[in-house]
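Have a look at the structure below, then the notes.
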Amino acid sequence: MQWRDINTEHGLKQLSFSLSSEPIQGSYKIVIVKQSGVKKEHSFTVEEFVLPRFEVQVKVPKAISVQDEKVNMTVCGV
């Protein structure tokens with residue numbers, strides 16, 4: 001996809017391009033050529049998103065009463 005003859009306000013322009021739900025993974029490059037002929041490039045990579053795995057351990061007393069005003073517990077992220 002190409003955008004041509006883009007007018008900017010104060011030298012800035014924000015454009016977007018939506019990827020498909022199953023985009024082709026790999027390296028891509030955005031190339032901008034200014035009216036002066038100066039070329040700017042920016043590379044990026046599209047990768048599969050993998051949810052981070054983590055575990056939380058909670059240690060609580062063996063018995064808790066509704067009459068207890070406070071309950072001491074330990075929470076540890078692993």
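Computed from the coordinates by the stated procedures, all read-outs in this text should not be read as laboratory data. The model shown is predicted, which means the values in this text are computed figures rather than measured ones. Here the Cβ positions follow ideal geometry from the backbone for every residue, glycine too, while neighbour counts run over all protein chains shown.
Positive end of the dipole of the chain (Cβ unit charges, origin at the Cα centre): among Val60, Pro23, Phe44, the Cα lying farthest that way belongs to Phe44. In order along the stretch 26-43, the Karplus-derived 3J(HN,Hα) couplings, from 6.51 cos²θ - 1.76 cosθ + 1.60 at θ = phi - 60°, round to x, 9, 10, 9, 9, 10, 10, 10, 6, 4, 6, x, 5, 10, 10, 10, 9, 9 Hz, and Gly and Pro are given as x.
Within straight cross-link reach of Lys13, meaning Cα distance under 21 Å, which lysines are found once same-chain residues fewer than 8 apart are removed? Cα-Cα hits under 21 Å: Lys29, Lys34, Lys39, Lys40. Each Cα pair under 8 Å and six or more residues apart adds its separation to the average, and for the chain the resulting relative contact order is 20 percent.
Calculated translational diffusion coefficient of the chain (37 °C, 0.692 mPa s; Stokes-Einstein with Kirkwood radius over alpha-carbon pairs) equals 173 µm²/s.
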